[in-house]
1. Let me confirm something: among LYS37, LYS9, which residue is modelled with pLDDT under 95 and in a helix (DSSP H, G or I)?
2. Select from the stretch 18-46 the residues that are hydroxyl-bearing (Ser, Thr, Tyr) and either exposed (fewer than 14 other Cβ atoms within 10 Å of the Cβ) or in contact with a Pro (Cβ under 7 Å, 6 or more places away or on another chain) (or both) and list them in ascending order.
Amino acid sequence: MVMAGSTWKVQPVYATVVEVLREKGSITDVELFEALKAFYKEIGFDDLNNVLMKLEVSGLVSVSSLAKDKRLVQLVKK
């Protein structure tokens, strides 16, 4: 049974975040959110924060504060 109009994303959000960071290098969280909105229409900023937290704990990304409501997200070089 195939449902028309409903598609599943094959790639998880964290993989897309890593891919975007590989392409663009360092990026603000707002810019990253806008890039993810192109792939995941229903993603919220809370979802992005959860993914960033998991990626940072696992040592894949670094998130640092730039200004009051801006953060810099970058891949950790290994």
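The values are calculated or read from the model by the stated rules, or taken from the named source; none is laboratory data. If you're wondering where the values come from, they're calculated on a predicted model, not measured in any experiment. With ideal geometry, Cβ positions are generated from the backbone for all residues, glycine too; neighbour counts draw on all protein chains shown.
1. Details: LYS9 fails: in a helix (DSSP H, G or I).
Step by step, each of LYS37, LYS9 is checked, and only LYS37 is modelled with pLDDT under 95 and in a helix (DSSP H, G or I).
2. Quick first cut of the stretch 18-46, residues hydroxyl-bearing (Ser, Thr, Tyr) only: 26, 28, 40.
Listed by number, the list holds a single entry, SER26.
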